[in-house]
Every structure is written in C-alpha cells, then in structure tokens.
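The values are calculated or read from the model by the stated rules, or taken from the named source; none is laboratory data. As the structure is a prediction and not an experimental result, all values here were calculated from the model. Cβ: placed from backbone, ideal geometry, glycine included. Neighbour counts: every protein chain shown. Protein only, heavy atoms only, side chains kept; ligands, DNA and RNA dropped before computing areas. Shrake-Rupley method; radii C 1.70, N 1.55, O 1.52, S 1.80 Å.
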Amino acid sequence: MQRQIGELVIECVQGDITRQDDIDVIVNAANKQLQGGGGVDGAIHRAAGPELVKASKALAPIEAGEAVITEAFDLPNNWVVHCAGPVYSHNAEVPKQLAACYRNALALAEDKQAASIAFPAISAGIYGYPLDKAGAIAVQAVSDHALAALSLQRVRFVLFSEEVYAAFSGALSELS
Ligand code: AR6
C-alpha cells in the first residue's frame, strides 16, 4: 500500500531489502559496532560482499539512534545507511532513539541527493520492539520529513513477514 504526503510517496511492501533494485539508498538495522550480525544486517552484508564490513567498521562505534552511510558494493543500490536501533525497553529514551534512526537516515540520503530510500523494520526483530509501536514511530518519522523533503521522492518500508507488513501498513493507513 502507499500514500503520498506533499511530493513524497511513502509505501509498504512485503519482501527482502537486498532486492530493491530501483532504490538509491537502503538502510541497515545494525549494531553499534557496525560489524555485521544476524537478521537483516546479515542479509545486507552477505549481499554486499566483504567490503561492506570494512567500510562500516571504519565508522564505528555509533550510539543508538545514530546513523552513518557507506557505499553499497555488490548491492544493486548506491548507498547503505547503517543505523543502530535501540534495544526495546520502557526507558523513555528508546522511542526517541528509534525515531532518530529514521530521521538521521533520511538526512544522510538527502545529503547524497538520493531520490529513494528503503527501510527495514528497525529494532523490530532481535531488539524486540513491539511491531505496532515500531510501525507507528517509523511512519510518523517519515511523515514528519515529507514536507521538508528535498531530493527524496520515495520512501519504501520493506517488511519481511506478513505480520510486520500488517503493522506498518496499518500505521501508514492510520496516519492523519
Ligand atoms: N529484508 C527486510 N527485512 C528483513 C530481512 C530482509 N532480508 N531479514 C530480516 N528482516 P533484525 P533489529 C526483518 O533482527 O531488531 C542484528 O544481529 C526482521 O524480520 O534484523 O534492529 C544486528 O547486528 C525484522 O522485522 O534487527 C543487531 O545486533 C526486521 O528486519 C541486531 O540484529 C529487523 O530485525 C538488530 O536487531
């Protein structure tokens, strides 16, 4: 499903973020050491090849909510943004850190004059963020950027399972 806010198209698809050939920037749900890992991080590093971990580790460590950008090597995209999502807890900083991941990734994509960016559901796997909360924060952060968008024309959420797709597309359709 998709919605347009200002000039920005925001869409949800179910799929694999390493196979988004038409997208300039893909976002990795990484860890603070930027050393690779499981989940979407593992998939992105496998598809990009060994140069990616060298490039990302050179920019580590980062804090939860921060993001850095590297080349995409063997991926079909131009850039990879590496975000460290927060591990879910009831600490009041955690939702702010998750929103900051999206905001910082969008800013880095704008710096590269990218037209499109794809996000996975950051923190919603191994880091345990409840899907409905993660979807609401993600969609709100992207929507907050819509009227300030410069080069970006398309933001795609690539959700791996039907359950995550349902949470994110539900949040996008409820956006006022
Ligand atoms: N494409 C899109 N989404 C995917 C893919 C894929 N190929 N593979 C998994 N997902 P997670 P986190 C979904 O655990 O919670 C790593 O070890 C997955 O189903 O990858 O931020 C890092 O190194 C889920 O919905 O990231 C960190 O240590 C979403 O991506 C830690 O995990 C995020 O799940 C980060 O945990």
Cβ-Cβ under 7 Å pairs, at least 6 apart or on other chains, region 123-141 side farther than 17 Å from VAL9 by Cα and free of Cβ contacts under 8 Å to residues at least 40 places away in the same chain, far side within 8 Å of the ligand (Cβ to nearest atom) and assigned to a loop (DSSP other than H, G, I, E, B) | LEU131/ALA124; ALA134/ALA121; ALA134/SER123; ALA134/ALA124
Does region 69-81 include one or more residues that are among the aromatic types (Phe, Trp, Tyr), closer than 17 Å to PRO120 by Cβ and within 13 Å of the ligand (Cβ to nearest atom)?
-> no
In region 131-167, which residue that is among the charged types (D, E, K, R) and within 13 Å of ALA118 (Cβ to Cβ) is surrounded by the fewest Cβ atoms within 10 Å (Cβ to Cβ)?
-> ARG154
Report whether or not VAL27 is within 12 Å of the ligand (Cβ to nearest atom), within 22 Å of GLY125 (Cα to Cα) and open to solvent by less than 20 Å² (accessible area, probe 1.4 Å).
-> yes
Right, ALA64: more than 14 Å from SER123 (Cα to Cα), within 13 Å of the ligand (Cβ to nearest atom) and open to solvent by 20 Å² or more (accessible area, probe 1.4 Å) or not?
-> no
Filtering region 13-24 down to residues that are surrounded by fewer than 16 Cβ atoms within 10 Å (Cβ to Cβ) and within 15 Å of ASP74 (Cα to Cα), which residue is nearest to the ligand (Cβ to nearest atom)?
-> ARG19
Which one of ILE10, ILE44 is modelled with pLDDT of 95 or more, closer than 17 Å to ARG156 by Cβ, open to solvent by less than 20 Å² (accessible area, probe 1.4 Å) and near the ligand (Cβ under 10 Å from one of its atoms)?
-> ILE44
When region 111-135 is examined, which residues are found to be out of contact with any Pro (no Cβ under 9 Å at 6 or more places or on another chain), within 15 Å of VAL164 (Cα to Cα) and either at pLDDT below 95 or in a helix (DSSP H, G or I) (or both)?
-> LEU131, ASP132, ALA134, GLY135
Keeping to region 70-110, report how many residues are in a strand (DSSP E or B) and either farther than 14 Å from LEU59 by Cβ or open to solvent by 60 Å² or more (accessible area, probe 1.4 Å) (or both).
-> 2
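Yes/no matrix, rows are residues, columns are (1) of a type in the set (Ser, Thr, Tyr); (2) more than 16 Å from the ligand (Cβ to nearest atom):
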| site | (1), (2) |
| --- | --- |
| GLU110 | no, yes |
| ALA115 | no, yes |
| PRO130 | no, no |
| ALA134 | no, no |
| ALA138 | no, no |
| ALA141 | no, no |
| ALA148 | no, yes |
| SER151 | yes, yes |
